[in-house]
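See below for the structure under consideration.
Each value in this text was obtained by applying a stated rule to the coordinates, not by laboratory testing. As the structure is a computational prediction, the values presented were derived from the model and not from experiment. When we count neighbours, we look across all protein chains shown, and the Cβ atoms used for this are built from the backbone with ideal geometry, even at glycine.
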Amino acid sequence: MDLTFEKCTMKDLNVLVDISRDTFIHAFEKQNNPEDFWNYINMAFNENAMIEQLLNVNSEFYFVYLKNVLVGYFKLNKNEAQTEQFAKRSIELERIYVIKDFQKQGIGKLMLQKAIEIAKACKATFIWLGVWQENKDAVRFYESYGFKIFGSHPYYIGKDKQTDWLMKKRLR
């Protein structure tokens, strides 16, 4: 499968807002309280929030294309941009999403491999992520690529306190 990866810039803002909202809604809307969920969507994926993240030198978004069609995106955080501080040489994979119509085709695997490749190029000692403990398929997916659970942290969808497993993969 021939995927291409493009680092996002401010010119990509509107598309980034749309894909961020759409993929998160598809993945999690049914499992959450509607009021909490929509409050979260409107806070986390509004234009100002996304501008702030795009301007952060320690965060990078990547669009993923299959034959020039946008099929997903991922976000990496370094240094202070990480949602948890572990080691100076760690990188967080904060988001990785494939558009619904392109799921179950191996695209997520290739996206994860690219994120790991970028983390290695940055000389990170490990890459880590948070995954909702109720998302058993995602936990199994990451485990199959060598990620191990090493802790947890709270993740709020509106006022609803959920728990994310923290998972990491050593890179050296």
Rounded, prolate or oblate: pick one for the chain, where a ≥ b ≥ c are the square roots of the eigenvalues of its C-alpha gyration tensor, a/c under 1.5 means rounded, and failing that, prolate if a/b is larger than b/c, else oblate. rounded
For Leu171, which sequence-distant residues (separation of 5 or more, or a different chain) have an amide H within less than 5 Å of its own amide H, given hydrogens modelled in the peptide plane? Phe126, Ile127
For the His153, Lys30 Cβ pair and Förster radius 25 Å, calculated FRET efficiency rounded to 0.05 is 0.60
How much length is gained if the chain between Arg172 and Thr125 is pulled fully straight, taking 0.36 nm per residue apart and subtracting their Cα-Cα distance, in nm to one decimal? 16.4 nm
Using a 10 Å cut-off on Cβ atoms, rank the peptides 119-126, 152-159, 163-170 from the highest mean neighbour count down. 163-170, 119-126, 152-159
By its C-alpha gyration tensor, with a ≥ b ≥ c as the square roots of the eigenvalues, how is segment 35-106 shaped: rounded for a/c under 1.5, else prolate for a/b larger than b/c, else oblate? oblate
Treating cross-link reach as a plain straight distance, find the lysines whose alpha-carbon is under 25 Å from the alpha-carbon of Lys136, omitting any fewer than eight places away in the same chain. Lys30, Lys75, Lys100, Lys104, Lys109, Lys114, Lys148, Lys159, Lys161, Lys168, Lys169
Over the chain, relative contact order from alpha-carbon pairs under 8 Å, at least 6 apart, %: 20
